[in-house]
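Contents: one structure, followed by commentary.
Readers should treat all values here as calculations from the given coordinates under stated rules, not as data from a laboratory. Just so we're clear, the structure is a prediction, and the values are computed from it rather than from any experiment. Backbone-built Cβ (ideal geometry, glycine too); neighbour counts: all protein chains shown.
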Amino acid sequence: MADEATRRLVAELPLLRTNAGPRERELWVQRLKEEYQALIKYVENNKNADNDWFRLESNKEGTRWFGKCWYIHDLLKYEFAIEFDIPVTYPSTAPEIAIPELDGKTAKMYRGGKICLTDHFKPLWARNVPKFGLAHLMALGLGPWLAVEIPDLIAKGLIEHKEK
């Protein structure tokens, strides 16, 4: 069962309507517009709540995404590059977010630095196709993963703050 904060977060994100992946050229353009609108809304909400924690951009086709995410722990900012590809079966299949520099540092990660979302996020995604999109992936997938894993990795000494 989701907590109240999670329910509120999801309620504030626009739900997507177009059920199309990269192979459906014209419908994919519409889906991408919806994806960007939802991402923009999520980033705006985060900034208004003083919780800005990622930047994301895509290639021209919207099939490859990359950017940065960060996590603040003990007043120190830990920043990581992120990347993912849109699966050909999207939106039926959720993208797999990779944080390459953390590859092999936690059991909750697959080869190549892909974070494990199998147990908690993927069933939620499957129940909400095509309404969930990339903003939901960030909010309900990557965000909670960072909140659990980064403090643990810091405590174990597996990642250290990079002095600027």
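Please determine, by comparing only the residues of segment 84-103 that are out of contact with any Gly (no Cβ under 8 Å at 6 or more places or on another chain) and either farther than 29 Å from P130 by Cβ or charged (D, E, K, R) (or both), which one is surrounded by the most Cβ atoms within 10 Å (Cβ to Cβ).
E96
Name the single residue that is farthest from W65 (Cα to Cα) among those in segment 1-32 being touching a residue at least 60 places away in the same chain (Cβ under 8 Å), not in a loop (DSSP other than H, G, I, E, B) and not hydrophobic (A, V, I, L, M, F, W, C).
Of everything passing the filter in segment 1-32, T6 is farthest from W65 (Cα to Cα).
Does K108 count as in contact with a Cys (Cβ under 6 Å, 6 or more places away or on another chain), surrounded by fewer than 17 Cβ atoms within 10 Å (Cβ to Cβ) and more than 15 Å from H161 (Cβ to Cβ)?
So K108 fits the description; yes.
Show me the helices (runs of 4 or more DSSP H) found entirely inside segment 120-164 where at least 3 residues are surrounded by 17 or more Cβ atoms within 10 Å (Cβ to Cβ) and aliphatic (A, V, I, L, M).
Filter on segment 120-164 gives 134-137, 143-155.
Quick check on E35: is it touching a residue at least 40 places away in the same chain (Cβ under 8 Å), in a helix (DSSP H, G or I) and out of contact with any strand residue (DSSP E or B) (no Cβ under 6 Å at 6 or more places or on another chain)?
Here the answer is yes, as E35 does meet what is asked.
Which pairs turn up if I take residues in segment 131-143 that are under 16 Å from E57 (Cα atoms) and look for partners that are among the small types (G, A, S) and assigned to a helix (DSSP H, G or I) with beta carbon separation below 8 Å, at least 6 apart in sequence or on another chain?
These pairs meet every condition: G133/A38; L134/A38; A135/A38; H136/A38.
For segment 25-49, which positions are in contact with a helix residue (DSSP H, G or I) (Cβ under 8 Å, 6 or more places away or on another chain), of a type outside the set (F, W, Y) and more than 15 Å from P95 (Cβ to Cβ)?
Scanning segment 25-49 gives K41, N45.
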